[in-house]
Amino acid sequence: MGPLRNTYYLFLLLITFGIVAVHGQEEVEWSPDFRFTWNDFKGKVPAGSGAAATTASGISYDFSTYYEHGEMKVDFNVYAYFYPTKSWYKPDISNDVTLLHEQLHFDITELYARKLREKLDNATFTDNIKEEVRKMYKATIRQLNDFQNKYDSETNYSRNLPVQERWVKEIGEALKK
């Protein structure tokens, strides 16, 4: 195993209403069949960065409302995305363990997209739905950020292999639910 340095993630926050549109930005929606290869990391390495790699991922949503029998109904879509052109790696200090560590950052993003979907599915809204959804989204993003930081801290950015393996197993099991 080659030398590893700290990896970190760049967490992009996108709030979208209606159509998801990021002008000129390549994005990959999370799928259980999509697994990273280093070819997916197309961004430029920032000068002076000590990290081995960065995964840019985020959650976006859209919703619409309609009335049925005088009752407001809501349709939601929540997505976890990976942004290849904002993600990068240093080939000389990255390896398969680093790549797996980065994949779990994206998988964790998907877990929190699911949590937001569940919150929205179980919520009762008022006429102030836009603000109520925004608050749920922001709370979810804060929780996701804390969880991503915990993951990096506990795994020492993938260097603590037994702990990294435990996280791989736990996140894998959570995604199967």
Looking at (1) on the phi > 0 side of the Ramachandran plot; (2) free of Cβ contacts under 8 Å to residues at least 40 places away in the same chain, can you tell me which one Arg142 breaks? (1)
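Residue under question is Asn156, and the condition is that it be on the phi > 0 side of the Ramachandran plot, without any contact (Cβ under 8 Å) to a residue 40 or more places away in the chain and open to solvent by 60 Å² or more (accessible area, probe 1.4 Å); does it hold?
Working: on the phi > 0 side of the Ramachandran plot: yes; without any contact (Cβ under 8 Å) to a residue 40 or more places away in the chain: yes; open to solvent by 60 Å² or more (accessible area, probe 1.4 Å): yes.
For Asn156, the condition - on the phi > 0 side of the Ramachandran plot, without any contact (Cβ under 8 Å) to a residue 40 or more places away in the chain and open to solvent by 60 Å² or more (accessible area, probe 1.4 Å) - is met.
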With respect to Lys176, is the statement that it is of a type outside the set (Phe, Trp, Tyr), under 25 Å from His101 (Cα atoms) and open to solvent by 90 Å² or more (accessible area, probe 1.4 Å) true? yes
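Looking at the structure I just gave you, is Glu165 touching a residue at least 60 places away in the same chain (Cβ under 8 Å) and not small (Gly, Ala, Ser)? Can you show your working first?
On the way: touching a residue at least 60 places away in the same chain (Cβ under 8 Å): no; not small (Gly, Ala, Ser): yes.
Criteria not met by Glu165.
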Of everything in the stretch 113-123 that's assigned to a helix (DSSP H, G or I) and open to solvent by 20 Å² or more (accessible area, probe 1.4 Å), which residue is farthest from Tyr81 (Cα to Cα)? Asn122
From the set of residues in the stretch 126-136 that are at pLDDT 95 or above and touching a strand residue (DSSP E or B) at 6+ places or on another chain (Cβ under 9 Å), which is surrounded by the most Cβ atoms within 10 Å (Cβ to Cβ)? Val133
Hey, among the residues in the stretch 52-106 that are over 16 Å from the mean Cα position of the chain (by Cα) and among the β-branched types (Val, Ile, Thr), which one's farthest from Met136 (Cα to Cα)? Ile93
For the stretch 140-168, what are the residues that are of a type in the set (Gly, Ala, Ser) and in a helix (DSSP H, G or I)? Ser153
State yes or no: is Arg142 under 23 Å from Asn156 (Cα atoms) and either open to solvent by 50 Å² or more (accessible area, probe 1.4 Å) or under 12 Å from the mean Cα position of the chain (by Cα) (or both)? yes
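To keep it simple, each residue is scored yes or no on (1) closer than 17 Å to Pro32 by Cα; (2) assigned to a helix (DSSP H, G or I).
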{"residue": "Phe125", "(1), (2)": "no, no"}
{"residue": "Glu131", "(1), (2)": "no, yes"}
{"residue": "Lys138", "(1), (2)": "no, yes"}
{"residue": "Glu170", "(1), (2)": "yes, yes"}
{"residue": "Glu173", "(1), (2)": "yes, yes"}
Residues of the stretch 111-136 being charged (D, E, K, R) and under 16 Å from Phe76 (Cβ atoms), in sequence order, are Arg114, Lys115, Arg117, Glu118, Lys119, Asp121, Lys130, Glu131, Glu132, Arg134, Lys135
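The values are calculated or read from the model by the stated rules, or taken from the named source; none is laboratory data. Since the model is a prediction, treat every value here as computed from it, not as a measurement. A quick note on method: Cβ atoms are made from the backbone with ideal geometry, for glycine too, and the neighbour counts reach across all protein chains shown. The protein model used for the area step is the full one, side chains on, heavy atoms only, and it has no ligands, DNA or RNA in it. Shrake-Rupley method; radii C 1.70, N 1.55, O 1.52, S 1.80 Å.
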